[in-house]
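Quick notes on the structure that follows.
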Amino acid sequence: MFCEKCGYQIQGFSKFCPKCGASLADQGFTQPAQGQNTGNNNFVNNTAPANNNYNPAQDPYSYRYQPQQQNFRPQAAAKPLSPPVKTKPVQRVFSIILSILIFSITTSIAFIVISRATFSSKSVKDASKSGQISDITITENGKEKKLAEYLLGNINKDVVRDYKIDEEKIKTILNSSEVKSIITDLTVDYTQLFVYGKDSAYLNEDSIMKDIQSVDQVVYKNTGYRFSSKDYSDIRKDLQNGGKYSFLTESGLKNDVFKGADPKVFSLLFSIPLLIILIIIDLGLIFVIFLINKWKLKLPFTVLGISFMAFGFITLCYSLVAFILSSVFNIYIVSGLITSAAVGNLIFGLVFLALGVVMFILSIKFRKRDNLALKQFKEQQGA
């Protein structure tokens, strides 16, 4: 029976509850007649005062036996296992196609980022510190010539003879600080035009003529020859549209090289809006891969891991080749720019290679997990 006041389970019969001291007679419990077997030989009737201040813990004779209660919780039946979901051939084909697209777009993104970093004003100026201008190669009539040889062949023969001008003297002039400064400024403006689409106030006939006039003293010092007014007139004609040096000016590029098109159109390939669009497309394709695989990670991580590892490996190989070329062919500005591009490719390659390796390792873990789930399912089906 249980005490109505505190709910304690009472063994045998007693006048008072052993726990709270409440009167059991008021609750309808009566003591059995004398000599009646209570079924509990270890039980001794309690005699406690009928008051609410009774504390059975202080009464050693309140009870002798109290059974231990056991907390029994029935175990829920094991749920039947379900086999891991297998990817369908269509999902695999689409995932591979999308991973190839992601590889291509990622390559384009790397090209834009590395190009913008490589052809910045600072990078061009730093690159101009390496190499010699005289090592620049010019192609004339299908034949490659060093710049000094090319210029010597285009100087008036009488001047060459009278002032004993040779390739060594021209090399000395080309490698002077004055000429290097001019070439660097021209290169900076070219990269700003083609890569960043910025108008140039420098690539015109007047600016280039001022630069040529500024090296008159260097030419006189090394050859004893001074430019005449006719020389300046001939050079200006060559810089005008249709002249053999017109490609040096922005207007000449537009009319002679690009056939009337704006050379700044080329800068769209390196533009920030295009970069943002490509990044959004790339992320969208990654999202689609997970979506068509119903957010199961094994196949997406496999194809993306392989794609990123391939991109990283190819980029690292390109970076290594670029480092070798820049050290072997020490060409003015070009070798410095190649080195700068190689550093950018090295960073991109390492990042994507590491990312691809992590994804591929995770895909192996997911594959092992699915194989284990399939094994457990078969064992349950066999049982």
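Could you go through the stretch 204-218 and let me know if any residue there is open to solvent by 50 Å² or more (accessible area, probe 1.4 Å), on the phi < 0 side of the Ramachandran plot and outside any helix (DSSP H, G or I).
Checked against the condition, which is being open to solvent by 50 Å² or more (accessible area, probe 1.4 Å), on the phi < 0 side of the Ramachandran plot and outside any helix (DSSP H, G or I), the stretch 204-218 yields at least one hit.
If the requirement is being of a type in the set (Phe, Trp, Tyr) and in a helix (DSSP H, G or I), which of these qualifies: Phe227, Phe266?
Details: Phe227 fails: in a helix (DSSP H, G or I).
Criteria check complete, one pass: Phe266.
Only one residue in Ser121, Ser134, Ser176 is over 18 Å from Ser214 (Cα atoms) and open to solvent by less than 30 Å² (accessible area, probe 1.4 Å), so which one is that?
Going through Ser121, Ser134, Ser176 in turn, just one is over 18 Å from Ser214 (Cα atoms) and open to solvent by less than 30 Å² (accessible area, probe 1.4 Å): Ser134.
Which residues, taken from the stretch 322-350, are open to solvent by 80 Å² or more (accessible area, probe 1.4 Å) and assigned to a helix (DSSP H, G or I)?
If the condition is that a residue be open to solvent by 80 Å² or more (accessible area, probe 1.4 Å) and assigned to a helix (DSSP H, G or I), then Ile324, Ser327, Val328, Ile347, Leu350 are the ones that fit.
Quick check on my filter: what residues within the stretch 219-232 are open to solvent by less than 40 Å² (accessible area, probe 1.4 Å) and of a type in the set (Gly, Ala, Ser)? Show your work before the answer.
Kept after step one, since they are open to solvent by less than 40 Å² (accessible area, probe 1.4 Å), are these residues of the stretch 219-232: 219, 223-225, 231.
Matches in the stretch 219-232: Gly224 only.
Kindly indicate which of Lys164, Lys171 is among the charged types (D, E, K, R) and not in a helix (DSSP H, G or I). Don't jump to the end; show me each part of the working.
Details: Lys171 fails: not in a helix (DSSP H, G or I).
The unique qualifying residue is Lys164.
Look through Thr302, Thr249 and report the one residue that is surrounded by 14 or more Cβ atoms within 10 Å (Cβ to Cβ), under 30 Å from Ile208 (Cα atoms) and either among the polar types (S, T, N, Q) or modelled with pLDDT under 90 (or both).
Going through Thr302, Thr249 in turn, just one is surrounded by 14 or more Cβ atoms within 10 Å (Cβ to Cβ), under 30 Å from Ile208 (Cα atoms) and either among the polar types (S, T, N, Q) or modelled with pLDDT under 90 (or both): Thr249.
Starting from the stretch 282-293, take each residue that is touching a residue at least 24 places away in the same chain (Cβ under 8 Å) and list its partners that are open to solvent by 40 Å² or more (accessible area, probe 1.4 Å), counting only C-beta distances under 6 angstrom and pairs at least six apart or across chains.
The qualifying pairs are Leu285/Leu101; Ile292/Phe94.
Do any residues in the stretch 180-204 that are within 26 Å of Leu274 (Cα to Cα) have Cβ atoms under 8 Å from those of residues that are among the charged types (D, E, K, R) and not in a helix (DSSP H, G or I), where the two are at least six apart or on different chains, and which pairs are they?
Qualifying pairs under 8 Å: Gln192/Lys198; Leu193/Asp199.
Looking at (1) aliphatic (A, V, I, L, M); (2) within 19 Å of Val160 (Cα to Cα); (3) touching a Ser or Thr at 6+ places or on another chain (Cβ under 6 Å), can you tell me which one Leu203 breaks?
Leu203 satisfies all of (1) aliphatic (A, V, I, L, M); (2) within 19 Å of Val160 (Cα to Cα); (3) touching a Ser or Thr at 6+ places or on another chain (Cβ under 6 Å) except (2).
The values are calculated or read from the model by the stated rules, or taken from the named source; none is laboratory data. Bear in mind the structure is a predicted one, so any value in this text is a computation, not a measurement. We place every Cβ from the backbone using ideal geometry, glycine too, and count neighbours over all the protein chains shown. For accessibility, only protein heavy atoms count, side chains too; no ligands or nucleic acids. Shrake-Rupley method; radii C 1.70, N 1.55, O 1.52, S 1.80 Å.
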